[in-house]
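Working notes for the structure below.
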Amino acid sequence: MTNAPLPKDRDPMDQDQFLTILSREDALARFEAALFPRPVPGERRKLADALGGTLAQDIVAPIDVPPFDRSNVDGFAVRSADLVSAGEARPVRVKLNEEVIACGTAPTRPVLSGTATSIATGGPLPRGADAVVMVEHTQPVGARAIEIRRAASPGQFVSYAGSDIARGEALLRSGTVIGSREIGMCAACGIAEVVVARRPRVAVISTGDELVQPGRPLAPAEIYDTNGAIVAAAVNENGGEANFLGAVADDEQKLEAAMRNALETCDMLVLSGGTSKGAGDLSHRIIARLGKPGIVAHGVALKPGKPLCLAVCDGKPVVILPGFPTSAMFTFHDMIVPVLRRMAGLPPRSDAKVMAKVPVRIGSELGRTEFVMVSLVDGTDGLIAYPSGKGSGAITSFAQADGFLKIDALADQMPAGTEAEVTLFTPHVRVPDLVIVGSHCTGLDLVTAGLAHAGIMVRSIAVGSLGGLAAAKRGECDFAPIHLFDERTGTYNVPFLGEGLELVPGWRRMQGIVFRRGDARFAGLDAQGAVRAALADPSCIMVNRNQGAGTRILIDRLVSEARPDGYWNQPKSHNAVAAAIAQHRADWGMTIAPVAHEAGLGFIPLAEEHYDFALVTARKNRPAVQAFLRALASEESRTALERAGFRKA
Ligand code: AMP
Ligand code: MG
């Protein structure tokens, strides 16, 4: 495998391949074999400071709880045999002993036959007594006697010693996370200190020249360090104590120094990025110098997550997660969490799972276990799991998903209609009240804002107009937002509806030419004129849109047969067009007015696009659907939409 150290003088541009890709099971087995068994270091804590800790040892009850037989009620300790004949019509009279057993009072006199002793809830049962009668069931006779009108069975209203916790019983098991209830159990037994597992200290380092910490401004070509924050939080969630050491540039010396420094003070090191064996990917080369046995797996048949690198250096786990945040998260949860929890003395994580139907075919790479994040919605017969396919670079796909499903390494697809097991990210499924599947628009967020605040859970899944329409036809959503232009009729949306769907008018989005403000080539022109001017200047670069986008149809009409520089740059969103122009990668393109304004670009209006909703008629009476219709019609959303640059239909 590539796990052999690499020559130091290798050409940094040479992209050596992963020679041996291990299955996830083999990789995990090798990693665990190199790390375990090992003791879980424990530390003694005062009970009050133990909250949230993990017990490192079993706790055996040192005493009986309660420590003595005690009364459960306020009343009189009696001999049950004295009351055998008692009844409503035949009260039994007993003499009161000259003693009152309050809580905390040890009895001094026995209860002899024909007598009773006054006792409070929690008071210790005196010698001779075997039952307690409630004060409500007695009648005083002078100061020194009572009458009792019911029989008492032996043991009535008595809690026996050790009935709650018996001395010698296993009270709490190691691996238990200490909450208030566990603290209560220890306190009841008189335990003032417990031994908790010392949380493994985990150093977290991000690598990459392009990384900037949140809170600082981004320069061109830089991105925010996402993995640092995610991994540190996930470490803390799983029994570790994260020590985030920031992002280190792709510089072998600096990185090696940071890694050595981390290993000196921490029990484990988790890096991210720089493992794909691209130019500048160094971490795995450094690991080979840090300790034995070094890399145990580099390249795992996982998707996302193939470049994962697992190593053990002188007993400490060293992991390089892939750079893409989603890949980093999956591999961390799937491969690193089990090891971290074991080091932290925690039992394996138990994830909640549900079965759900996959509505569309999901393609998969043969030979790699593939994880696909899904959003769950309520279908006509059971749950439906929508793959949220934004690619492994997308962080939102993680945050918006309810869980994930696994496609076996030996399968090249999961066919539409498969009942799949979904591992939930949360302990319970929360099925959304309102499901919107189709084309996304920032205007939608303005309309649904009020619903969310009113406690209606809205799930909006962006799959494009045609995907949304298909979902609506299958009855898998309430609304499909669409903006489909029909060339034949020259109208929007209506011709695309089928049986069972009805159109709810949404809003209009002004499409137009975008350019950088101050670009004199476009000054004072209308849209047609601007495109003519752009086509006349060979140095003027355009940015196009993807085939199938409503915007693309408008662009193709304007440029006709011309294929200007940039025509083949075809991003899939309005925002990407604006970004390309703002960053000087292109000079003009077409987008919607709100996006152009948000990006600070010049805008020449061309035509209005209709963004409407295909409503599944069968779902019309659902309360959340009605709430959405009211929100859409409300004056608030009209104002908000118009302020954002849309025009309410
Ligand atoms: P690498 O494995 O270093 O080649 O990174 C793969 C991709 O993940 C690149 O697009 C990196 O910019 C991105 N990436 C790497 N580290 C991080 C990080 N800490 N946060 C966000 N993105 C990252
Ligand atoms: Mg990198």
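The values are calculated or read from the model by the stated rules, or taken from the named source; none is laboratory data. It should be emphasised that the depicted structure is a prediction, and the values quoted were computed from it without experimental measurement. When we count neighbours, we look across all protein chains shown, and the Cβ atoms used for this are built from the backbone with ideal geometry, even at glycine.
Regarding segment 277-293, can at least one residue be identified that is farther than 26 Å from VAL177 by Cα, away from ligand 2 (no atom under 15 Å from the Cβ) and in contact with a Phe, Trp or Tyr (Cβ under 8 Å, 6 or more places away or on another chain)? Walk me through how you get there before you give the answer.
Of all residues in segment 277-293, those farther than 26 Å from VAL177 by Cα come to 277-293.
In the following step, the residues that additionally are away from ligand 2 (no atom under 15 Å from the Cβ) were identified as 287-293.
The next check asks that each one be in contact with a Phe, Trp or Tyr (Cβ under 8 Å, 6 or more places away or on another chain); those that pass are none.
For segment 277-293, residues farther than 26 Å from VAL177 by Cα, away from ligand 2 (no atom under 15 Å from the Cβ) and in contact with a Phe, Trp or Tyr (Cβ under 8 Å, 6 or more places away or on another chain): absent.
Determine which member of the set ALA262, ALA247, ALA229 is in contact (Cβ under 8 Å) with a residue 40 or more places away in the chain, within 10 Å of ligand 1 (Cβ to nearest atom) and surrounded by 13 or more Cβ atoms within 10 Å (Cβ to Cβ). Show your work before the answer.
Numbers: ALA262 fails: within 10 Å of ligand 1 (Cβ to nearest atom); ALA229 fails: in contact (Cβ under 8 Å) with a residue 40 or more places away in the chain.
Residue meeting the stated conditions: ALA247.
Of the residues that make up segment 291-301, is at least one within 16 Å of ligand 1 (Cβ to nearest atom), within 26 Å of the chain's Cα centre (by Cα) and either among the charged types (D, E, K, R) or under 21 Å from ARG199 (Cα atoms) (or both)?
No, the conditions are met nowhere in segment 291-301.
Given the residues ALA120, ALA145, ALA152, which is the only one that is over 21 Å from GLY87 (Cα atoms) and in the same structural domain as VAL94 (by TED's automatic domain parsing)?
Details: ALA145 fails: over 21 Å from GLY87 (Cα atoms); ALA152 fails: over 21 Å from GLY87 (Cα atoms).
Being over 21 Å from GLY87 (Cα atoms) and in the same structural domain as VAL94 (by TED's automatic domain parsing) holds for just one of ALA120, ALA145, ALA152, which is ALA120.
Filtering segment 625-643 down to residues that are crowded, with 17+ Cβ neighbours inside 10 Å and out of contact with any Lys or Arg (no Cβ under 6 Å at 6 or more places or on another chain), which residue is farthest from LEU434 (Cα to Cα)?
ALA640
Given the conditions (1) modelled with pLDDT under 90; (2) surrounded by fewer than 17 Cβ atoms within 10 Å (Cβ to Cβ); (3) under 29 Å from ALA614 (Cα atoms), which single one is not true for HIS428?
Condition not satisfied by HIS428: (3).
Among the numbered criteria (1) of a type outside the set (Ser, Thr, Tyr); (2) crowded, with 20+ Cβ neighbours inside 10 Å; (3) in contact with a Ser or Thr (Cβ under 8 Å, 6 or more places away or on another chain), which single criterion is violated by VAL177?
Failing condition for VAL177: (2).
Can you pull out the residues in segment 545-579 that are touching a residue at least 60 places away in the same chain (Cβ under 8 Å) and out of contact with any Leu (no Cβ under 9 Å at 6 or more places or on another chain)?
ILE553, VAL577
Consider only pairs whose beta carbons are under 6 Å apart and that are at least six residues apart or on different chains; among these, list those whose first residue lies in segment 202-226 and is of a type in the set (Asp, Glu) and whose second residue is at pLDDT below 95.
From segment 202-226, the pairs are ASP209/ALA249; ASP209/ASP250.
Of all residues in segment 79-120, how many are over 59 Å from the mean Cα position of the chain (by Cα), among the hydrophobic types (A, V, I, L, M, F, W, C) and part of a strand (DSSP E or B)? First the steps, then the outcome.
Taking segment 79-120 as the starting set, the residues that turn out to be over 59 Å from the mean Cα position of the chain (by Cα) are 79-99, 108-117.
Now restrict to residues that are among the hydrophobic types (A, V, I, L, M, F, W, C): 81, 83-84, 86, 89, 92, 94, 96, 111-112, 116.
Still in the list and also part of a strand (DSSP E or B): 92, 94, 96, 116.
Total satisfying the criteria: 4.
Cβ-Cβ below 9 Å, separation at least six or inter-chain, first residue in segment 271-283 and of a type in the set (Val, Ile, Thr), second near ligand 2 (Cβ under 8 Å from one of its atoms) and modelled with pLDDT of 85 or more: which pairs?
What qualifies is THR275/THR207; THR275/GLY323.
Given the structure, is GLY274 more than 19 Å from GLY208 (Cα to Cα) and in contact with a strand residue (DSSP E or B) (Cβ under 7 Å, 6 or more places away or on another chain)? Explain how you work it out, then say what you get.
Details: more than 19 Å from GLY208 (Cα to Cα): no; in contact with a strand residue (DSSP E or B) (Cβ under 7 Å, 6 or more places away or on another chain): yes.
It is false that GLY274 is more than 19 Å from GLY208 (Cα to Cα) and in contact with a strand residue (DSSP E or B) (Cβ under 7 Å, 6 or more places away or on another chain).
Would you mind telling me which numbered condition in (1) within 16 Å of ligand 1 (Cβ to nearest atom); (2) in contact (Cβ under 8 Å) with a residue 12 or more places away in the chain ASP164 fails?
So the condition that ASP164 fails would be (1).
Among what's in segment 197-210 and is within 24 Å of the chain's Cα centre (by Cα) and assigned to a loop (DSSP other than H, G, I, E, B), pick the residue that is nearest to ligand 1 (Cβ to nearest atom).
This residue is PRO200.
What do you reckon, is PRO200 under 30 Å from ALA579 (Cβ atoms) and away from ligand 2 (no atom under 16 Å from the Cβ)? Steps first, answer last, please.
Details: under 30 Å from ALA579 (Cβ atoms): no; away from ligand 2 (no atom under 16 Å from the Cβ): yes.
Criteria not met by PRO200.
Conditions (1) within 16 Å of ligand 2 (Cβ to nearest atom); (2) assigned by TED's automatic domain parsing to the domain that holds ALA301; (3) on the phi < 0 side of the Ramachandran plot, marked per residue:
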| position | (1), (2), (3) |
| --- | --- |
| VAL318 | no, yes, yes |
| GLY323 | yes, yes, yes |
| ALA328 | yes, yes, yes |
| PHE332 | no, yes, yes |
| MET335 | no, yes, yes |
| PRO338 | no, yes, yes |
| PRO348 | no, no, yes |
| ASP351 | no, no, yes |
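Could you check how many residues of segment 355-392 are among the β-branched types (Val, Ile, Thr) and over 19 Å from PHE330 (Cα atoms)? Step through it out loud before you land on a result.
Going through segment 355-392, the residues among the β-branched types (Val, Ile, Thr) turn out to be 358, 360, 362, 369, 372, 374, 377, 380, 384.
With over 19 Å from PHE330 (Cα atoms) added as a condition, the list becomes 358, 360, 377, 380, 384.
Of the residues in that region, 5 qualify.
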